[in-house]
Amino acid sequence: MLLFEQITELRSYLASKRFKSQIGLVPTMGALHCGHVSLIQAAIAQTDTVVVSIFVNPLQFTPTEDLQKYPRQLQQDLRLCEQLGVEVIFTPTVEEMGIIGDTESQSVTTTVVPPVTMTSGLCGRFRPGHFIGVATIVTKLLQIVQPHRAYFGQKDAQQLAIIRRLVADLNLAVEIVGCPIVREKSGLALSSRNQYLSATEKQQAAVIYRSLQQAARAFKQRENRVEALIDLVKQELATVPPIKIQYVELVDPQTLQPLDRVKEKGLLAVAAYLGSTRLIDNIVLNQHQPIIAIDGPAGAGKSTVTRRVAEQLGLLYLDTGAMYRAVTWLVMQAKIPIEDQAKIGDLIKEVQLDLIPADSPELPTKVLINGQDVTQAIRTPEVTSQVSAIAAQAAVRQELVRLQKYFGARGGVIAEGRDIGTNVFPDAELKIFLTATVAERARRRTQDLKNLGHQSVDIEQLAQEIQKRDEQDSNRVIAPLKKADDAIEIITDGLTIEQVTQQIIDLYWRRKAEGRGKGTQN
Ligand code: AMP
């Protein structure tokens with residue numbers, strides 16, 4: 001890894017690279033966390049030479065803000081970048097970046113002023129000069145590095161929208177890549193400023209994401225009046241009194257203009273204080289919600305990855321397994337013999353099944369059957385022992401596939417199984433076929449069994465069983481395992497769960513960008 005402080009030296013290093021390789025830039029202010037890591041990983045996956053800049057930009061702090069106490073931990077940041085495989089770090093001094101004075105005192109040299117329409121609302125209203133500071137430094141960094149692609153987080157949605165506009169307006173030859181918000185398990189968006197929070201405050205701060213989710217849920221159930229959606233956020237925030245709201249706004253995600261109703265897309269953004277720490281978060285409400293279908297053989301890691309992608313993209317994890325379990329539970333409650341297919345068929349025609357996203361990816365999707373919460377009840381060994389027999393019944397499958405399609409029609413879902421892309425959602429925006437070699441799946445299964453305390457596991461025998469199960473799954477009459485023609489295959493041998501999750505998220509964003517290029521609505 002190379003470290004540059006001087007612009008001229010960085011430029012001459014990159015000059016030799018420019019024509020042979022794609023350059024990616026990740027601008028940061030340091031105190032790196034997993035949010036930054038996701039940007040760096042995206043850059044490493046998509047470009048050849050990655051430059052991470054670490055620069056606490058004085059221009060974007062207003063005089064009353066935390067410039068002096070902003071966390072600085074360069075050595076730690078460098079170690080992290082080295083581990084991630086970053087090629088170049090750029091850590092200029094304030095003087096090297098040519099900054100004298102601040103935007104308030106007007107003693108800086110040339111500045112870049114974004115359209116007032118984009119800076120007068122949201123954070124801009126409370127941070128005068130902030131986006132001039134951001135736009136000026138980002139323009140300078142783009143000029144210095146001249147990357148093919150530059151990576152920014154959706155966490156700072158106003159900043160991202162302004163930078164996209166800046167690049168378009170100034171005809172800069174760079175592709176801006178937006179990356180999804182990375183959160184803690186509690187839902188709290190990662191931020192360098194979270195270091196200021198105590199453990200209790202961190203728990204309290206999780207209400208911000210919960211409040212956004214409340215509105216997102218109402219939006220999915222067809223509430224599109226901005227006032228009503230904002231009220232829902234405020235009500236939820238009010239349940240944690242130490243949180244002091246600075247603003248809750250719902251605007252057009254591109255122009256940042258206020259909306260009355262969300263017709264297609266809306267950016268719902270919050271800024272709040274917890275003590276003296278200012279926290280921001282947002283969520284994009286989108287009428288056109290995508291469907292992601294993930295199929296593949298048993299043991300390829302589908303459910304873990306699906307859960308994580310769902311969380312990161314704000315989609316409902318359509319837990320089809322839980323749906324079959326819920327029906328099994330109902331059949332057992334009604335004391336209907338498993339063989340009585342006719343009675344089971346009648347029972348399930350009447351059934352009301354609801355799935356509600358969990359508050360955290362570690363928790364299972366909430367399952368309600370006929371209004372009763374059975375999230376826990378469907379996980380007992382008794383249900384487990386009966387679920388395959390029930391799921392094999394044609395009437396049950398038919399009804400549940402119908403329900404799954406109904407959930408899909410509302411949009412914003414990700415589902416995994418054997419025939420999701422081929423049968424349940426043949427029109428899904430993104431189809432993935434997640435697989436791993438038999439040897440790798442046998443190895444993982446052995447590891448799982450050992451972790452559960454089984455000492456003598458015959459890996460050869462396991463491999464044969466997996467092979468046999470694959471053949472059965474591929475040849476069965478109902479819902480055979482099959483890769484859809486338009487599915488993208490990911491072989492997970494040698495990849496971590498994080499890497500697979502990231503690959504799917506990258507594919508998703510790329511698909512969306514291609515869609516935008518073709519002028520489609522998403
Ligand atoms: P900062 O160091 O705070 O200026 O952030 C550098 C980049 O990381 C910006 O593009 C941020 O939007 C992005 N970023 C910060 N936090 C997160 C997060 N939790 N998830 C995704 N990106 C983030």
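The values are calculated or read from the model by the stated rules, or taken from the named source; none is laboratory data. Here the structure is a predicted model, which means the values were calculated and not measured. Cβ sites come from the backbone with ideal geometry, for glycine too, and all protein chains shown count toward neighbours. Ligands, DNA and RNA are stripped out before the accessible areas are found, and what is left, the full protein with its side chains, is counted by its heavy atoms. Shrake-Rupley method; radii C 1.70, N 1.55, O 1.52, S 1.80 Å.
Summary of computed values
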read-out	value
Wholly within the range 265-349, helices (runs of 4 or more DSSP H) carrying at least 2 residues that are open to solvent by less than 10 Å² (accessible area, probe 1.4 Å) and small (G, A, S)	320-333
Flag if R402 is surrounded by fewer than 20 Cβ atoms within 10 Å (Cβ to Cβ), in a helix (DSSP H, G or I) and touching a residue at least 60 places away in the same chain (Cβ under 8 Å)	no
Filter pass, E489 being loosely packed, with under 13 Cβ neighbours inside 10 Å, in contact with a strand residue (DSSP E or B) (Cβ under 9 Å, 6 or more places away or on another chain) and not aliphatic (A, V, I, L, M)	yes
Failed condition for S107, given (1) at pLDDT below 90; (2) within 22 Å of F152 (Cα to Cα); (3) more than 16 Å from the ligand (Cβ to nearest atom)	(2)
Tally of residues being surrounded by fewer than 22 Cβ atoms within 10 Å (Cβ to Cβ) and touching a residue at least 60 places away in the same chain (Cβ under 8 Å) across the range 15-26	2
Residue, surrounded by the fewest Cβ atoms within 10 Å (Cβ to Cβ), within the range 27-55, restricted to residues that are away from the ligand (no atom under 13 Å from the Cβ) and β-branched (V, I, T)	I44
Qualifying residue in the range 415-422 (condition: in the same structural domain as A392 (by TED's automatic domain parsing) and surrounded by fewer than 14 Cβ atoms within 10 Å (Cβ to Cβ))	no
Some residue of the range 197-220 being more than 16 Å from the ligand (Cβ to nearest atom), open to solvent by less than 70 Å² (accessible area, probe 1.4 Å), under 28 Å from T139 (Cβ atoms) and of a type in the set (F, W, Y)	no
Residue within the range 262-277 that is of a type in the set (V, I, T), on the phi < 0 side of the Ramachandran plot and in the same structural domain as K468 (by TED's automatic domain parsing) present	no
Hey, L67 within 11 Å of the ligand (Cβ to nearest atom), within 28 Å of F131 (Cα to Cα) and either surrounded by fewer than 21 Cβ atoms within 10 Å (Cβ to Cβ) or not basic (K, R) (or both) or not	no
The lone exception for R193 - which of (1) open to solvent by 50 Å² or more (accessible area, probe 1.4 Å); (2) charged (D, E, K, R); (3) within 15 Å of the ligand (Cβ to nearest atom) it fails	(1)
Positions within the range 460-485 being open to solvent by less than 100 Å² (accessible area, probe 1.4 Å) and basic (K, R), in sequence order	R476, K483
Test: residue in the range 164-174 that is among the polar types (S, T, N, Q) and within 14 Å of the ligand (Cβ to nearest atom)	no
T64 being more than 15 Å from I137 (Cα to Cα), in contact with a Gly (Cβ under 6 Å, 6 or more places away or on another chain) and assigned by TED's automatic domain parsing to the domain that holds A173	no
